[in-house]
Amino acid sequence: MNPTADIRHVLVAHDFSETSDAALDYGLGLAQKLGARVTVVHAYEIPSHGAPEVLVLSTDWTEQFEAVARQELDKVIASVRKRGLDATPALRKGVAWREIDAAAAETKADLIVIGSEGRTGVGRALLGSVAEKVVRTAPCPVLVVRRGAP
């Protein structure tokens, strides 16, 4: 039995970091070898800090936040296409790990590829790990690419 034979759709989570670029490279290479299609998903969350009046955000501000996220995702997809490959963009609003899981379920992804900064100790405890949460909750297998991995 060859488990990679069942991988027809790879979902790559991308947060516009160098680690995500490494995960994208890995996911694209794997997808190319397997003849799988690729979706690149970016999830953004509108920050809410402080007093309740800050929670009421202007439509212009939230639209600008989305526009910047879309522009950055479009740059990632353009870089993929410059390499002669193809990928479908998916921009989602919400908590990153939940949106990655939802995108994987909705697109029927067979594998999620995600980067990890490899934080440990206090940094991990305070910030959490999107990759760790995805590994625990994803509807399909997850491949984690660590920062600095070859």
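So here's what we get for this one:
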{"read-out": "Residue order, fewest to most beta carbons within 10 Å, for ARG70, ARG92", "value": "ARG70, ARG92"}
{"read-out": "Amide hydrogen neighbours beyond the local backbone of ASP15, cut-off 5 Å, H modeled", "value": "SER20"}
{"read-out": "Net length gained if the chain between LYS93 and LEU143 were fully extended (0.36 nm per residue, minus Cα distance)", "value": "15.7 nm"}
{"read-out": "Amide N proximity, the stretch 4-44 versus LYS108 label position 7 Å along Cα-to-Cβ, cut-off under 20 Å", "value": "4-12, 31-32, 34-41"}
{"read-out": "Least to most buried among THR62, THR19 (fewest other Cβ within 10 Å first)", "value": "THR62, THR19"}
{"read-out": "Interchain or long-range residues, amide H under 5 Å from TYR44's placed H", "value": "ARG92, LYS93, GLY94"}
{"read-out": "Estimated FRET transfer efficiency (ASP74, GLU132; beta-carbon r; R0 25 Å; 0.05)", "value": "0.30"}
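All of the numbers you see were taken from the coordinates with simple rules; none came from a lab. What you are looking at is a predicted structure, and each value in this text was computed from that prediction instead of being measured. We place every Cβ from the backbone using ideal geometry, glycine too, and count neighbours over all the protein chains shown.
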